[in-house]
Amino acid sequence: MDDLDGRRPVVVGYDGSPGAEQALRWGAEEAQLRDLPLVLCHAWHWPYPFHPLAREILDQVENVGATVLAAGVDRVHELTEGLEVRTHLAKGTSAAVILEAAQDAELVVLGSRGHGGFEDLQVGSGAMQVPAHTDRPVIVVRPTLPPTRQNGVRVTVGVDGSPASQAALAFAFAEAELRGGSVTALCAWWDTSALPGPNRLPFTDTETMRYAAKERFEECLQPWTTRYPEVAVTTEFMNERPQRAVNEMARGAVLLVLGSRGVGSVPANRLGPVTQAALFAAPCPVAVTPPR
């Protein structure tokens with residue numbers, strides 16, 4: 001990308017699909033709130049295993065991508081005034097091109113799926129691969145979700161004490177301050193002695209473990225409530241499976257913020273099961289934060 005005077009831009013993946021349109025709206029709003037440039041990113045590629053004989057054919061495919069980006073820039077100018085907008089057009093898969101652009105980004109905004117895939121697909125490959133492989137926060141938006149501007153803006157954040165959830169707290173409080181909203185911090189406590197079958201952990205002192213978990217939860221919140229005294233905070237300490245709890249608490253929220261992977265995640269999985277479940281089923285946009 002071109003030099004942006006040292007400012008990290010908000011990068012939006014754009015292919016003209018309904019999901020990309022929602023991502024464009026959200027990304028433009030983020031750029032305005034943060035006083036940052038906006039970069040619309042589009043990937044073009046030759047979709048067949050053989051290469052065309054004439055360079056002119058590839059040029060035509062690339063020109064189609066440039067046309068898509070130009071339409072996106074026009075759309076941004078319709079939605080905003082005075083926002084600096086750049087474009088990034090590159091050959092490759094959408095995930096690879098966005099990951100390249102994300103290296104210089106403040107954050108990335110994506111639609112949950114683009115033009116590819118099948119009709120009932122909930123989450124495309126790019127919306128799973130980019131949060132899993134970048135070190136930048138990624139917001140994933142679905143085309144059927146409501147607009148971000150509404151009364152009583154609330155940001156929900158999942159907390160489990162992991163490094164990635166600490167980054168989620170930082171992002172959630174900053175986002176709530178930018179939007180003049182509140183934070184609902186959630187810790188889902190699950191009694192391991194109540195698990196069925198071989199996953200059951202016997203001979204555990206449930207009350208002691210519960211008290212320690214709640215105490216750790218409050219310790220995680222304390223630095224951020226001190227740093228953002230103007231942001232109203234509600235805490236929820238629930239006896240529920242995390243996958244179910246975060247999706248329930250996200251109802252009515254403008255954004256759900258989760259770490260990329262939490263406590264107990266398999267090291268080989270770059271996205272934890274709770275985050276994956278939220279990307280598929282959360283009732284609001286999902287921000288995924290990598291550990292710092």
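Structure data summary
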read-out	value
Condition broken by Arg251, with the remaining ones in (1) over 16 Å from Ala282 (Cβ atoms); (2) at pLDDT below 95 satisfied	(1)
Per-region count, the range 1-42, residues touching a Leu at 6+ places or on another chain (Cβ under 9 Å), modelled with pLDDT under 90 and of a type in the set (A, V, I, L, M, F, W, C)	1
Residue check for Gly262: in contact with a strand residue (DSSP E or B) (Cβ under 8 Å, 6 or more places away or on another chain), modelled with pLDDT under 85, within 30 Å of Leu33 (Cβ to Cβ) and not assigned by TED's automatic domain parsing to the domain that holds Asp135	yes
Candidate set: the range 125-137, residues that are over 17 Å from Pro273 (Cα atoms) and at pLDDT 90 or above; chosen: the one surrounded by the fewest Cβ atoms within 10 Å (Cβ to Cβ)	Asp135
Residue satisfying all of: in the range 214-232; buried (at least 17 other Cβ atoms within 10 Å of the Cβ) and not aromatic (Phe, Trp, Tyr); farthest from Gly180 (Cα to Cα) among these	Cys220
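Residues are listed down the side, and each one gets a yes or a no for (1) of a type in the set (Val, Ile, Thr); (2) in the same structural domain as Val257 (by TED's automatic domain parsing); (3) free of Cβ contacts under 8 Å to residues at least 12 places away in the same chain; (4) surrounded by 17 or more Cβ atoms within 10 Å (Cβ to Cβ):
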site: Gln22; (1), (2), (3), (4): no, no, no, yes
site: Ala28; (1), (2), (3), (4): no, no, no, yes
site: Pro49; (1), (2), (3), (4): no, no, yes, no
site: His77; (1), (2), (3), (4): no, no, yes, no
site: Ala90; (1), (2), (3), (4): no, no, no, yes
site: Val109; (1), (2), (3), (4): yes, no, no, yes
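The values are calculated or read from the model by the stated rules, or taken from the named source; none is laboratory data. The structure displayed is predicted, hence computed values, not measured ones. Backbone-built Cβ (ideal geometry, glycine too); neighbour counts: all protein chains shown.
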